[in-house]
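First up is the structure itself, then whatever we jot down about it.
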4 protein chains.
Amino acid sequence: MIVILKPKTSEEEIKRLTDELQVEGVEVNPVIGKDIIILGLVGDTSKIDKDRIEANKNVEKVMHVQEPFKKANRMFHPEKTIVDINGQKIGGKKIALIAGPCSVESRDQILEVANSVKKCGANFLRGGAFKPRTSPYSFQGLKYDGLDLLKEAREETGLPIVTEIMSPYDIEVFERDVDIIQVGARNMQNFDLLKELGRLNKPILLKRGLSSTIEEWLMSAEYIMAGGNENVILCERGIRTFETYTRNTLDLSAIPAVKKLSHLPVVVDPSHSAGKAWMVEDLSKAAVAIGADGLIIEVHNNPAKALCDGQQSIKPSEYEELLNKLRPIAEAVGREI
Amino acid sequence: MIVILKPKTSEEEIKRLTDELQVEGVEVNPVIGKDIIILGLVGDTSKIDKDRIEANKNVEKVMHVQEPFKKANRMFHPEKTIVDINGQKIGGKKIALIAGPCSVESRDQILEVANSVKKCGANFLRGGAFKPRTSPYSFQGLKYDGLDLLKEAREETGLPIVTEIMSPYDIEVFERDVDIIQVGARNMQNFDLLKELGRLNKPILLKRGLSSTIEEWLMSAEYIMAGGNENVILCERGIRTFETYTRNTLDLSAIPAVKKLSHLPVVVDPSHSAGKAWMVEDLSKAAVAIGADGLIIEVHNNPAKALCDGQQSIKPSEYEELLNKLRPIAEAVGREI
Amino acid sequence: MIVILKPKTSEEEIKRLTDELQVEGVEVNPVIGKDIIILGLVGDTSKIDKDRIEANKNVEKVMHVQEPFKKANRMFHPEKTIVDINGQKIGGKKIALIAGPCSVESRDQILEVANSVKKCGANFLRGGAFKPRTSPYSFQGLKYDGLDLLKEAREETGLPIVTEIMSPYDIEVFERDVDIIQVGARNMQNFDLLKELGRLNKPILLKRGLSSTIEEWLMSAEYIMAGGNENVILCERGIRTFETYTRNTLDLSAIPAVKKLSHLPVVVDPSHSAGKAWMVEDLSKAAVAIGADGLIIEVHNNPAKALCDGQQSIKPSEYEELLNKLRPIAEAVGREI
Amino acid sequence: MIVILKPKTSEEEIKRLTDELQVEGVEVNPVIGKDIIILGLVGDTSKIDKDRIEANKNVEKVMHVQEPFKKANRMFHPEKTIVDINGQKIGGKKIALIAGPCSVESRDQILEVANSVKKCGANFLRGGAFKPRTSPYSFQGLKYDGLDLLKEAREETGLPIVTEIMSPYDIEVFERDVDIIQVGARNMQNFDLLKELGRLNKPILLKRGLSSTIEEWLMSAEYIMAGGNENVILCERGIRTFETYTRNTLDLSAIPAVKKLSHLPVVVDPSHSAGKAWMVEDLSKAAVAIGADGLIIEVHNNPAKALCDGQQSIKPSEYEELLNKLRPIAEAVGREI
């Protein structure tokens, strides 16, 4: 950590601040020039609050040097994490294929889609039972009935199920019934929910918030890991920018960035980012080429009748064709589909 | 609602889509040109799902014409809402002055600050008991003990208290103990929490999400109002942009925008937006001039020792001076401090 | 300047880099800890290229400590700059009132508007002769004929004229005929144009680029000033963000920021930022309250017939009323209208 | 084009506006409901100014239905454009490989890099002679001497040269000496420069502005094409977002978007977007997979000594290795390297 002081800070003031910082257990190295005074802090700075130091009237700025996350940090955990879900792995050589409808709508729909995507090669089934919708007047999901239908689909196909949790009240049910618990983009900084998920022994798929930096995203992973649950799978799903042609801007640079900073696996959601079914193929190709550990794709048996997000869903036949096109790209980058 | 069809859509397809839309109870008016086909939808379009229509392969784009919120909409509720909290009003001629520390830290601290800001003229006390922090290793607030101290400060000063809720588990306690329940920016789209708050009869201070549009913000207010709780106070606290000099960019244009679109009162938080104590005065002046219904300002008896956000807190003496400077501006725009 | 090295950089490598940096004339102070190695650079670092050091494979990051601008920097020029244009001042106690149509359209139009705004109290006339338009098919301005009409309006009213330059070819004409040369937002980093304007002895109104940081904006001012022309007036006109309700987001925090960082005067353009005539009043009030040195407002005798930007123009009668409302706010903050 | 009127607009006013619009040569179809009045405009709306209609007090909003660009529009020009530069093609099956240093620094440097990249397989040489730098105190390029060195490198290697133009004064020299004239991101809306380039018969590489929408980018291409020069190559190089880990956010979704909207070829610059040499490989893989028509990559013989952008340059040996890794991906998507 580096503390920049205001140019005319007196020696006495520097001494006082230095003493204060040393009390917190770090070594303080001053660098003093005519127009610049820097304090270089060496040691464990993780307990020092940046904001608190910045409140000192002689302090111009405080800068982090090291990443503020530890358990998620690749520096302290160099080997890649591979999350194992009943034998299906995320983070290994094989690219995880998570597919299914935006919402579970009916028994027929979810069973049909589950069987179709399984046949294509998907190894996880996704489907929303509790839906976060911008409008209180939109379809909010089948809730517990949706969960039951997902379980039925799992029983029939053997595919582990991935679905989003919206409320801490549902944690016990999700812990019992769901294979990967998804935290949606809008809840990425719902810290109380993250803390509770940290106490489980269950994989968490953590979507990146619409306007969250990579560092904040990893700090949210850290919340879960700090509680003891290290089975975190990150999911890039597009960030909010000024561009309006696509619903969000898929930040594919986040994939190599996360891989450098962290050991956690990271998957890509090409359906939500663009919000356009016809773009799913191209974005999936890029995601595989750049090293994503998995793809989470919306597949619906009848997109035009979907109760949500139909405009970004593809049909099972298109999904099959897509996987065929992705296979040689995966191979070209040393992966497998 | 307007549905733009692809240029070469056949008459038969237009007919089929028109029939489908009419079933949902709206009148469909086609406008057909050489390179453009538009369906103008007249009637109650609130139940029609934009995404669903966009999933139709002949549809190019669907555009809303009317705002998707109703209870929060000024069109259907032309008079301004004034929220009354034990006689203190937000939304009337008098500008609401909400002040206090970022976090409640100790009995002495909160009582000292509460008494000071009351003496200056504040009419509400703010203070965090449950703190949303980016890092799991930062101070997370005194929690229930913090709430107790806030209640003690209310008893001593008579100031109604404003504090943030983080978890639905705490709703009963907050309903009983708190005067205005704050929903933080990171929870603005925590829809399950919003729904539960909608069932209370208690004012809610709804902060704008860091990357939420004005429409999304009003839709979150709509979530609370749809449940029956119409006592919503909006709070602009800065949005996330590319600019890094300030922590966030205070979007003051949102104040007149919200006042045009909605009847709800809107207050401004100049402390969190810039993240710089020295900028609080200037931003407060602008907020009052542009018509904010209140100011929520971080005041701390000893900012340099604050356990959070010290760098953006001002001292009670500075708060007093600030209010003196704001008074003539308030008067100039027909308000009162 | 601070250079962060990678944790395992060898002593030899540190020595080599230190020597390299000392050759450039700065003193290098190393701070060495277990997980962190910092080089604190003291002296004149303005000639050191940050990117170049970052290309060294042992360097993790390079951080500026001091602002990279000098002539525009308040630290080296503590008194505020007041630009004098034929006796009319920008940056003093009196708030500069620049008004006029988006484009000069005809003799009648510009004379009518010029006379009207003068009567209301404006002290500068604005009007576009060369128009930067997103589409090549939109009206591009009357060009030299427009300039002639502006000169005629100046002769009739005595108001100095402000108009935008688009091409370096026109510099001589503008130097001769125009009182304040405007650089539009889209040309803020047209460095060749800035350099040429730096050779003139003529005030330059430098609009902030749509996605330019405050630092980049001041660096563009520095380009002009480095050439010898220190008569730079900054103009905040809204930045591009994710919000679409307003055309751009007026960043009013930039006003106090610029005043702290620089001695240059800064004016606000409330017409272009929101792109909505009805919002001009509210944004102007906030701009005056926050300390803007001037307001540049689009006034048109017949907005509905304007050849450009009619939707954000107000009528002369509205302008008059606006100034009446701004007067007490100006007074409240120690300024004058 | 669609014009939304305010709900209570009188019939007479509708009639007046309808007449006004019909005069401009379009057919006006009104759709009138209780809470909504829409005018659907059919015919050639390209001459109608959206802003002007929005200035009418009864108009709520005006929405484009069709893209405002014509010559760049795929709808009117369904076959892909292939730009031919002395036999080297951009837009065909073969992916264009443009490589070279950020700046031309010396005879030795440019010749060494040119020969190296040619040997690796590059088919174009890039190198900056005139450099747009944020600071007036940074190295600004060797200018005309740099151009001469580029010509020498072309003579030696046969590679066509790509270099950036900064000023209209240099158009004649560039027309004579340069094979592809680059317009930098900061000049993307320097409309006067675009117009002049429109008069040439020379390929233009048009970089996307840092905060330009895809539509604005295509409108800038339209400026060049409207003048008669249809040899435009688009270049995505990252947009400005809130994320600070990467210098800019590479918007790879822009590639399929541009290909759908336009027939122009589009290349990707992975060096400038991230600003990190180690990320070039991953971003290049994704760019090829998503369908980019070319890659423009910074290659320097000694990045740590580069006079600019060294931190994002790779060495010739790394470039060679990169191309080897890209080959199978290109093949997987039906392209060739």
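The values are calculated or read from the model by the stated rules, or taken from the named source; none is laboratory data. All of these numbers come straight from a predicted model, not from anything done at the bench. Reconstructed Cβ throughout: ideal geometry from the backbone, glycine too, with neighbour counts over all protein chains shown. Calculation scope for accessible area: heavy atoms of the full protein, side chains included, ligands and nucleic acids excluded. Shrake-Rupley method; radii C 1.70, N 1.55, O 1.52, S 1.80 Å.
So, of the residues in the range A:164-185 that are among the acidic types (Asp, Glu) and touching a strand residue (DSSP E or B) at 6+ places or on another chain (Cβ under 9 Å), which turns out to be nearest to the other protein chains (Cβ to nearest Cβ)? Walk me through how you get there before you give the answer.
Pass one, the range A:164-185, residues among the acidic types (Asp, Glu): A:164, A:170, A:172, A:175, A:177, A:179.
If we keep only those that are touching a strand residue (DSSP E or B) at 6+ places or on another chain (Cβ under 9 Å) as well, we get A:164, A:175, A:177, A:179.
Values: A:164: 11, A:175: 17, A:177: 18, A:179: 22 Å.
So the residue we want is A:164.
Just to be sure I understand, how many residues within the range B:59-93 are at the interface with another protein chain (Cβ under 7 Å from one of its Cβ atoms) and aliphatic (A, V, I, L, M)? Talk me through it step by step, then tell me what you get.
We begin by selecting, within the range B:59-93, every residue at the interface with another protein chain (Cβ under 7 Å from one of its Cβ atoms); these are B:63, B:65-66, B:68.
If we keep only those that are aliphatic (A, V, I, L, M) as well, we get B:63, B:65.
Here the count works out to 2.
Those residues that are aliphatic (A, V, I, L, M), part of a helix (DSSP H, G or I) and over 25 Å from residue B:335 (Cα atoms), I need them from the range C:289-334; list them, please. Write out each step before concluding.
First pass over the range C:289-334, keeping only residues aliphatic (A, V, I, L, M): C:289-290, C:292, C:295-297, C:299, C:304, C:306-307, C:314, C:322-323, C:326, C:329-330, C:332-333.
Then drop every residue that is not part of a helix (DSSP H, G or I), which leaves C:289-290, C:304, C:322-323, C:326, C:329-330, C:332.
Across the range C:289-334, the qualifying residue is only C:304.
I want to confirm something. Restricting to the range B:90-131 and keeping residues that are assigned to a loop (DSSP other than H, G, I, E, B) and among the charged types (D, E, K, R), which single residue is modelled with the lowest pLDDT?
Residues of the range B:90-131 assigned to a loop (DSSP other than H, G, I, E, B): B:91-93, B:95, B:101-102, B:104-106, B:121-123, B:127, B:129-131.
This time we only want the ones that are among the charged types (D, E, K, R), so: B:93, B:105, B:131.
Values: B:93: 97, B:105: 95, B:131: 92.
The residue in question is B:131.
Would you confirm, using the coordinates I've provided, whether residue A:139 is within 21 Å of residue B:198 (Cβ to Cβ), aromatic (Phe, Trp, Tyr) and at pLDDT below 95? Reasoning before the result, please.
Values: within 21 Å of residue B:198 (Cβ to Cβ): yes; aromatic (Phe, Trp, Tyr): yes; at pLDDT below 95: yes.
Considered against the rule, which asks whether it is within 21 Å of residue B:198 (Cβ to Cβ), aromatic (Phe, Trp, Tyr) and at pLDDT below 95, residue A:139 comes out as yes.
Scan the range C:63-78 and give yes if some residue there is touching a residue at least 40 places away in the same chain (Cβ under 8 Å), part of a loop (DSSP other than H, G, I, E, B) and over 30 Å from residue C:1 (Cα atoms), otherwise no.
Scanning the range C:63-78 turns up no residue that is touching a residue at least 40 places away in the same chain (Cβ under 8 Å), part of a loop (DSSP other than H, G, I, E, B) and over 30 Å from residue C:1 (Cα atoms).
Among the numbered criteria (1) in contact with a Phe, Trp or Tyr (Cβ under 8 Å, 6 or more places away or on another chain); (2) outside the structural domain of residue D:299 (by TED's automatic domain parsing), which single criterion is violated by residue D:131?
Condition (2) is where residue D:131 drops out.
With (1) away from chain D (no Cβ under 14 Å); (2) out of contact with any Asp or Glu (no Cβ under 8 Å at 6 or more places or on another chain) as the list, and residue C:56 as the residue in question, which single condition is left unmet?
Of (1) away from chain D (no Cβ under 14 Å); (2) out of contact with any Asp or Glu (no Cβ under 8 Å at 6 or more places or on another chain), only one is false for residue C:56: (1).
On the given criteria, is residue C:306 open to solvent by less than 10 Å² (accessible area, probe 1.4 Å) and within 20 Å of residue B:290 (Cα to Cα)? Give the derivation first.
Working: open to solvent by less than 10 Å² (accessible area, probe 1.4 Å): yes; within 20 Å of residue B:290 (Cα to Cα): no.
Taking the combined requirement at face value, the residue does not satisfy it.
Would you pick out the residues in the range C:7-40 that are at the interface with another protein chain (Cβ under 8 Å from one of its Cβ atoms), more than 17 Å from residue A:63 (Cα to Cα) and open to solvent by 80 Å² or more (accessible area, probe 1.4 Å)?
Within the range C:7-40, C:27, C:34 meet the criteria.
Checking the structure you have, find out if any residue of the range B:314-322 is within 14 Å of chain A (Cβ to nearest Cβ), among the hydrophobic types (A, V, I, L, M, F, W, C) and in contact with a Phe, Trp or Tyr (Cβ under 6 Å, 6 or more places away or on another chain).
The answer is no, given that none of the residues of the range B:314-322 is within 14 Å of chain A (Cβ to nearest Cβ), among the hydrophobic types (A, V, I, L, M, F, W, C) and in contact with a Phe, Trp or Tyr (Cβ under 6 Å, 6 or more places away or on another chain).
Among C:38, C:90, which is the only one that is closer than 17 Å to residue A:38 by Cα and not charged (D, E, K, R)?
Details: C:90 fails: closer than 17 Å to residue A:38 by Cα.
Answer to the selection: C:38.
Determine whether the range B:269-276 contains at least one residue that is acidic (Asp, Glu), surrounded by fewer than 24 Cβ atoms within 10 Å (Cβ to Cβ) and part of a loop (DSSP other than H, G, I, E, B).
Within the range B:269-276, not a single residue is acidic (Asp, Glu), surrounded by fewer than 24 Cβ atoms within 10 Å (Cβ to Cβ) and part of a loop (DSSP other than H, G, I, E, B).
Of the numbered conditions (1) assigned by TED's automatic domain parsing to the domain that holds residue B:203; (2) touching a residue at least 24 places away in the same chain (Cβ under 8 Å); (3) over 23 Å from the mean Cα position of the chain (by Cα), residue B:100 fails exactly one; give the number of that condition.
It is condition (3) that residue B:100 fails.
Mind checking which residues of the range B:46-67 are of a type in the set (D, E, K, R) and open to solvent by 40 Å² or more (accessible area, probe 1.4 Å)?
If the condition is that a residue be of a type in the set (D, E, K, R) and open to solvent by 40 Å² or more (accessible area, probe 1.4 Å), then B:47, B:50, B:52, B:54, B:57, B:60, B:61, B:67 are the ones that fit.
Kindly indicate whether residue A:43 is open to solvent by less than 60 Å² (accessible area, probe 1.4 Å), more than 30 Å from residue B:274 (Cβ to Cβ) and either within 11 Å of chain B (Cβ to nearest Cβ) or out of contact with any Leu (no Cβ under 7 Å at 6 or more places or on another chain) (or both).
yes
So which of B:255, B:296 is under 22 Å from residue B:84 (Cβ atoms), at the interface with another protein chain (Cβ under 8 Å from one of its Cβ atoms), open to solvent by less than 10 Å² (accessible area, probe 1.4 Å) and modelled with pLDDT of 95 or more? Don't jump to the end; show me each part of the working.
Numbers: B:296 fails: at the interface with another protein chain (Cβ under 8 Å from one of its Cβ atoms).
Going through B:255, B:296 in turn, the sole match is B:255.
What number of residues within the range A:231-242 satisfy the criterion of being within 14 Å of the chain's Cα centre (by Cα), farther than 16 Å from residue A:284 by Cβ and either within 14 Å of chain B (Cβ to nearest Cβ) or in a loop (DSSP other than H, G, I, E, B) (or both)?
From the range A:231-242, those within 14 Å of the chain's Cα centre (by Cα) are A:231-239; that's our starting set.
Adding the requirement that they be farther than 16 Å from residue A:284 by Cβ leaves A:231-234, A:239.
Filter once more, keeping what is either within 14 Å of chain B (Cβ to nearest Cβ) or in a loop (DSSP other than H, G, I, E, B) (or both): A:231-232, A:239.
Number satisfying all stated conditions: 3.
Results for (1) part of a helix (DSSP H, G or I); (2) open to solvent by less than 10 Å² (accessible area, probe 1.4 Å); (3) small (Gly, Ala, Ser), shown as yes or no for each residue.
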site	(1), (2), (3)
B:172	yes, no, no
B:176	yes, no, no
B:186	yes, no, no
B:197	yes, yes, no
B:216	yes, no, no
B:220	yes, yes, yes
B:223	yes, yes, no
B:244	no, no, no
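All but one of (1) surrounded by fewer than 20 Cβ atoms within 10 Å (Cβ to Cβ); (2) farther than 21 Å from residue B:319 by Cα hold for residue B:158; which doesn't?
So residue B:158 meets the others, but not (2).
Would you call residue B:228 surrounded by fewer than 22 Cβ atoms within 10 Å (Cβ to Cβ) and at the interface with another protein chain (Cβ under 7 Å from one of its Cβ atoms)?
On the way: surrounded by fewer than 22 Cβ atoms within 10 Å (Cβ to Cβ): yes; at the interface with another protein chain (Cβ under 7 Å from one of its Cβ atoms): no.
Considered against the rule, which asks whether it is surrounded by fewer than 22 Cβ atoms within 10 Å (Cβ to Cβ) and at the interface with another protein chain (Cβ under 7 Å from one of its Cβ atoms), residue B:228 comes out as no.
Out of the range B:243-252, which residues are at the interface with chain C (Cβ under 7 Å from one of its Cβ atoms) and touching a residue at least 12 places away in the same chain (Cβ under 8 Å)? Working first, answer last.
First, pick out the residues of the range B:243-252 that are at the interface with chain C (Cβ under 7 Å from one of its Cβ atoms): B:243-246, B:249-252.
B:246, B:249, B:250, B:251, B:252 - these are the residues of the range B:243-252 that are at the interface with chain C (Cβ under 7 Å from one of its Cβ atoms) and touching a residue at least 12 places away in the same chain (Cβ under 8 Å).
Among (1) open to solvent by less than 30 Å² (accessible area, probe 1.4 Å); (2) within 23 Å of the chain's Cα centre (by Cα), which single condition is residue A:281 missing?
(1)
Name the pairs: first residue in the range A:112-131 and of a type in the set (D, E, K, R), second residue in a helix (DSSP H, G or I), Cβ to Cβ under 7 Å, at least 6 apart or on different chains?
Partner pairs satisfying both residue conditions: A:118/A:157.
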